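Since the structure comes first, as structure tokens, the remarks are kept for the end.
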Amino acid sequence: MLSFTIMGAFGSFSNFINLYLERTLGFTGSQIGLVVMISMGLIIIINPILGIIGDKTGLHVLMLKIAFFMSTIFMFLLSNSSGFGLVLLILIGFEISRACIAPFIDLIMSNFCTKNKVDFGRVRVYSSIGFMITVMSVGFMIGGLQIPWFNSNVIGFSGFLSIGQAMFFTAITFFFVSFLLMFFVPKPDKKTNAIETKIKISDITTLLKNKEYQFIIIFIILSLVALESSKTFVGNHLVIGLGAGENIVSIMTFMMVLPEFILIPQGSRLIRFFGVKKWYIFSMVTMLIRLLVYATTQNITLFALASLLHGVGVATHISGNIAFIRRVVSGKILGLAFTIMVSIIAFSRAILSFVNGWLYEVYDGFAVFKLAAFLVFLGLLWVIKSKSLGQMSRSDV
């Protein structure tokens with residue numbers, strides 16, 4: 001249920017916030033990029049601090065309760081704000097409040113799955129379900145749903161909420177429900193408390209010098225970060241750039257997430273079958289093909305079809321990257337490893353969001369996807385040339 005509600009909250013916000021800022025508040029591409037860069041940039045400092053606190057105290061569950069509650073409050077405040085300065089200030093608070101959610105949830109869920117011998121992908125697939133259902137629902141609330149019927153008739157309904165109303169109602173609801181669900185999360189075993197997980201400065205320096213950890217962080221930047229940073233402009237590109245209706249975001253979400261229902265639960269099995277390095281190369285090739293289509297076509301149907309490749313990269317992150325980190329990092333600083341990962345992801349996305357906003361304003365959405373394709377191409381070369389994936393055997397996934 002948490003996998004469902006968390007991604008429901010994140011998805012409804014992240015897929016429509018840029019469109020809301022441009023269409024409703026009138027922000028330019030550079031302003032959108034600047035807002036994202038500044039609000040997310042602070043996370044590189046905040047997240048490691050939260051990770052150390054969590055690992056030293058074992059209070060990951062309590063910290064998540066606070067994070068969900070504060071995220072709900074900041075979403076409500078943002079829904080009633082319009083000026084650039086105020087929106088920026090509130091988004092800074094929101095990004096800080098939700099900073100520990102992704103790494104702590106991954107840590108708690110992966111620990112649970114490891115202990116109970118449950119495939120992590122079979123739990124995380126509900127994130128895809130939550131993401132798809134909520135993002136599609138928001139898109140249909142905004143743009144309506146029209147289905148061709150017999151005799152050239154059309155059935156369905158028209159949009160009945162504005163972008164802001166639909167996005168904020170959904171995000172606030174799901175953040176608050178996630179807060180309530182945290183009261184049902186099992187408490188961690190005593191062996192994970194502060195006495196057993198004291199962190200030394202040497203542990204942190206060892207982590208940062210870990211070549212395998214460095215490899216996977218750079219890989220994530222050149223794959224997941226590059227793709228996701230550009231993907232936040234998909235709505236702006238299709239709706240404003242190519243003239244599609246707002247409900248195209250719902251259709252795109254369906255095309256992206258549908259294959260995840262098969263790929264994520266079977267992600268570990270697929271990686272074991274193909275071999276770790278071969279799967280990673282295959283994953284990067286699918287990302288590159290997808291972004292090259294995005295960067296060149298004006299055909300919305302072809303654009304949507306290319307989105308079917310989305311699930312391969314998601315399965316790689318869930319079943320590959322997280323398993324890799326658990327393999328190469330000491331157990332007592334896993335929380336720190338995950339939070340540093342999220343910090344670097346946030347910082348990288350902040351920089352890329354600013355650059356993408358500038359490219360979108362000065363050129364167009366095609367330029368955004370061209371940059372992402374170039375970064376993913378570098379990521380493909382990084383995987384081919386690196387020997388770090390040799391640390392992972394098929395049984396580690």
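No lab work stands behind these numbers, since they all come straight from the coordinates. Since the structure is predicted, the reported quantities are computational estimates derived from the model, not experimental observations. When we count neighbours, we look across all protein chains shown, and the Cβ atoms used for this are built from the backbone with ideal geometry, even at glycine.
Quick one: Cα centre-to-centre distance for region 10-29 and region 314-368, in angstrom?
If we compute the Cα centre of each part, the gap is 21 Å.
With springs only between Cα atoms under 10 Å apart, run a GNM on the chain and tell me which of 147, 325, 289 wobbles the most.
Of 147, 325, 289, the most mobile in the Gaussian network model is 147.
Would you kindly compute the Cα radius of gyration of the chain and its largest Cα-Cα separation (Dmax), both in Å?
20.4, 73
Tell me the mean residue ellipticity at 222 nm calculated for the chain from its helices only (DSSP H runs of n ≥ 4, each -39500 (n - 2.57), averaged over every residue, nearest 500).
Numbers: 21 runs with 279 residues, N = 397.
That comes out to -22500 deg cm²/dmol.
Mind scanning 211/278; 231/332; 231/277 and naming the pairs with a C-alpha gap bigger than 32 Å?
Numbers: 211/278 20 Å; 231/332 34 Å; 231/277 25 Å.
Pairs exceeding 32 Å: 231/332.
By count of other Cβ within 10 Å, fewest leading, how are 24, 253 ordered? Could the numbers behind the result be given before it?
Details: 24 15, 253 24.
Going from least to most buried by this count: 24, 253.
Can you put 100, 113 in order of Cβ neighbours within 10 angstrom, beginning with the fewest?
Values: 100 27, 113 16.
Final ranking by Cβ density, sparse to dense: 113, 100.
When the dipole is taken about the Cα centre of the chain, and only Lys, Arg (+1) and Asp, Glu (-1) are charged at their Cβ, what size is it in debye, to the nearest 20? Intermediate values should be presented prior to the final figure.
Details: 29 positive and 15 negative charges, 314 e Å.
So the dipole magnitude of the chain works out to roughly 1500 debye.
Report, to two decimal places, the Cα Rg of region 280-354 normalised by 2.2 N^0.38 Å (N = number of residues). Don't skip to the answer; put the middle values down first.
Values: Rg = 15.8 Å, N = 75, 2.2 N^0.38 = 11.3 Å.
So the Cα radius of gyration is 1.39 times the expected 2.2 N^0.38 Å.
If we count other beta carbons within 10 Å of each Cβ, what is the order of 176, 324, 254, fewest first?
On the way: 176 19, 324 25, 254 16.
Ordered by Cβ neighbours within 10 Å, fewest first: 254, 176, 324.
Could you derive backbone 3J(HN,Hα) for region 159-164 from the dihedral phi with the Karplus parameters 6.51, -1.76 and 1.60 (θ = phi - 60°), listing whole Hz in sequence and x where the residue is Gly or Pro?
Once θ is set to phi - 60°, the couplings for region 159-164 become x, 10, 9, 6, 4, x Hz.
Within 10 Å of each candidate Cβ there may be at most 14 other Cβ atoms; applying that plus a DSSP loop requirement, which trypsin sites (Lys or Arg not before Pro) in region 93-122 survive? Walk me through the numbers on the way to the answer.
Numbers: sites: 98, 115, 117, 122; in loops: 98, 117.
Counting only loop positions with at most 14 other Cβ atoms within 10 Å, the trypsin sites (Lys or Arg not before Pro) in region 93-122 are 117.
Test of understanding: express the Cα radius of gyration of region 60-144 as a ratio to 2.2 N^0.38 Å, with N the residue count.
Values: Rg = 16.3 Å, N = 85, 2.2 N^0.38 = 11.9 Å.
For region 60-144, the normalised Cα radius of gyration is 1.37.
Pick out which of 210, 321, 356 has the largest mean-square fluctuation in a Gaussian network model of the chain, springs linking Cα atoms closer than 10 Å.
210
Note down the Stokes-Einstein diffusion coefficient of region 31-105 in µm²/s, whole number, using a Kirkwood radius over alpha carbon pairs, 25 °C, and 0.890 mPa s.
191
For region 236-393, what is the convex hull volume of the alpha-carbon atoms per residue, in Å³?
Convex hull volume per residue, Cα atoms: 121 Å³.
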